[in-house]
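What follows is one structure encoded as structure tokens, with my remarks underneath.
The numbers here are math on the coordinates, done by the rules we state, and not lab data. Because the structure is predicted, anything quoted here is derived from the model rather than measured. Backbone-built Cβ (ideal geometry, glycine too); neighbour counts: all protein chains shown.
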Amino acid sequence: MKTANDGQPTGSRDGLMDHHCAADEGRALWRGNSLPMSATASPILLHTIENTLALGRELGTAARAGDVIALCGGLGSGKTHLSKGITAGAGSPSEVTSPTFTLVHEYRGGRVPVFHFDFYRMSSADEVLGLGWDEYLEAGGLCIVEWADLFPALLPEGTAWWRLSLEGKTGIHTALRLDVAPERPVL
């Protein structure tokens, strides 16, 4: 296993990519829209919260107005930490918290406004639409949606789907860019 100058592992092991800095790895992360897509479609290992935040900053730096990032994964898989990094990469100085109980947080003051949703407590598509979902999609910001796989039909074509998971035995998180929405929610 190679290591970067900062001692963080890089390269691959058992088909998994360790996250250091995708640009340093020379991996092609972009395909089609402005959001990252792993050329290898291998999960990215996120050994620390800082690794998760760094991946998020890469996504947020590349994001443009109108992009939608869908985050799927069970409780504790790193969705909110990735959202914090994405929001920071989009230039927002705001303190990011989970919108589990408020359902949506707005972060302004960055390069693009960020609209951070959590669909976990939503019981129907009508409830999501009642939040003004369509208006947010047309507002010229970046939409980040945790638990997006609960209502995949509401997300527009071109959404960047990411599945996050936590390996229970090792405590290592992984992130995988998906080509399409998951067939069923990851609970």
Does segment 125-187 classify as rounded, prolate or oblate by the C-alpha gyration tensor (a ≥ b ≥ c root eigenvalues; a/c under 1.5 gives rounded; else a/b over b/c gives prolate, otherwise oblate)? prolate
Give me the percent of Cα-Cα pairs in segment 64-187 that sit more than 19 Å apart, rounded to a whole number. 44
Mind listing the long-range amide H neighbours of Leu142? Cut-off is under 5 Å, sequence gap 5 or more, other chains count too, H placed in the peptide plane at 1.01 Å from N. Gly66, Val114, Phe115
For segment 110-187, which GluC sites (Glu not before Pro) are both in a DSSP coil and crowded by at most 14 other Cβ atoms within 10 Å? Glu138, Glu157, Glu167, Glu183
